[in-house]
Amino acid sequence: MSFQDNGESIAQMHAQTQRNGNLNVLEAVNWGFATAWRNPRVWLLGTILMFLAVFATLLLAGAAIWGIESLLGRELTFEWPREMELPDGFGPGISLLPLLITPFLYAGALAQVSRAKIGYRDFFHRTHYWKVILVSVVGSVFWAAVEYLFSAALPADQGTVGDTSLWYNLGVIFGGLIQVVLVILTQLLTLAWTWYVADGYGIGEAVQQGSAAVWRNFFRLTVLFFVGTLVMILGIVFTFGLGALLLIPASLLMTAHLCRQANGGALPEANRA
């Protein structure tokens, strides 16, 4: 592999950590929150600066569009093909920004896993920018394909509005469960591919090894998916948004730690098995 970290390849680091590929979710969660709290200048203040930068970018983009519309004397409108939309609302405008800054966030989180002290410059070092963007877009296409195939496979309006038969209700429940599992699996797979690429893996290796890691730890990751989503929502709502300053960087660090656990990469010294 081309990725090097202080003279060590990923394969060499794998031999040193001696992980078995099974994730310790609680270890990652504890480390993520503790690290974000211990490094407020990088992670808490950094989150505020990121929000301000995104807000400023939107203001500049809005001003630029307004200026162009004023010169042309008409409103600029266009249709974004639904098939090209990215998961979680990624698309043109504000929703495109998370995609563009993702490589920097992943690079900073992985650097924090490798070293106790990092600075803002680490977010711009070894970002593997275009590979991360490419895999994110490919993952979006994969997501759209799975959603389309599942929707096409379901029979449309087979039951009447008042149909309360046992088989019909079981079919609805079973179909809903399959859809939930596919949604979670697709998100976990695409997320794993992106993190592996951000950690220096080739695209083929990222898909192969990332998928294997997800299959091996699917139950743990599914529980984390539900619990993490609930904690994120409640933490932000009940703190009137202030909880995001800790929850966002902590979840980012936690995921970076899980990625390193899965691929056998360098982990914080105190957390090594």
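The values are calculated or read from the model by the stated rules, or taken from the named source; none is laboratory data. Quick caveat, the model's predicted, so the values are computed rather than measured. Ideal geometry is used to build each Cβ from the backbone, glycine not excepted, and the neighbour counts take in all protein chains shown.
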Note to self: I'd like the residue in segment 105-146 that is closer than 22 Å to Val54 by Cβ and charged (D, E, K, R) and, out of all such residues, is surrounded by the most Cβ atoms within 10 Å (Cβ to Cβ).
What the structure shows: Asp122
Margin query: For the list (1) more than 26 Å from His257 (Cα to Cα); (2) at pLDDT below 85, I need the number of the one condition that Asp5 fails.
Written below: (1)
Next item on the list: Answer yes or no: is there a residue in segment 40-54 that is surrounded by 13 or more Cβ atoms within 10 Å (Cβ to Cβ), assigned to a loop (DSSP other than H, G, I, E, B) and among the hydrophobic types (A, V, I, L, M, F, W, C).
Entry: yes
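Yes or no, residue by residue, for (1) assigned to a helix (DSSP H, G or I); (2) within 28 Å of Gln112 (Cβ to Cβ):
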position: Ser151; (1), (2): yes, no
position: Leu189; (1), (2): yes, yes
position: Trp215; (1), (2): yes, yes
position: Gly241; (1), (2): no, yes
position: Thr255; (1), (2): yes, yes
position: Leu258; (1), (2): yes, yes
Margin query: Return the residues of segment 63-116 that are outside any helix (DSSP H, G or I), of a type in the set (Gly, Ala, Ser) and at pLDDT below 85; say none if nothing qualifies.
Written below: Gly73, Gly91
Check: Would you pick out the residues in segment 223-243 that are in contact (Cβ under 8 Å) with a residue 40 or more places away in the chain and closer than 21 Å to Ser140 by Cα?
Finding: Phe225
Note to self: It is to be established whether one or more residues within segment 223-237 are outside any helix (DSSP H, G or I) and more than 19 Å from the chain's Cα centre (by Cα).
What the structure shows: no
Next item on the list: May I ask you to list the residues in segment 191-213 that are touching a Lys or Arg at 6+ places or on another chain (Cβ under 8 Å), of a type outside the set (D, E, K, R) and outside any helix (DSSP H, G or I)?
Entry: Gly200
Margin query: in contact with a His (Cβ under 7 Å, 6 or more places away or on another chain) and on the phi < 0 side of the Ramachandran plot: which single residue out of Ala198, Ala213, Ala145, Ala153 fits that description?
Written below: Ala198
Checklist line | Some residue of segment 236-245 being in contact with a Phe, Trp or Tyr (Cβ under 7 Å, 6 or more places away or on another chain), more than 14 Å from Trp195 (Cβ to Cβ) and modelled with pLDDT of 95 or more | finding: no
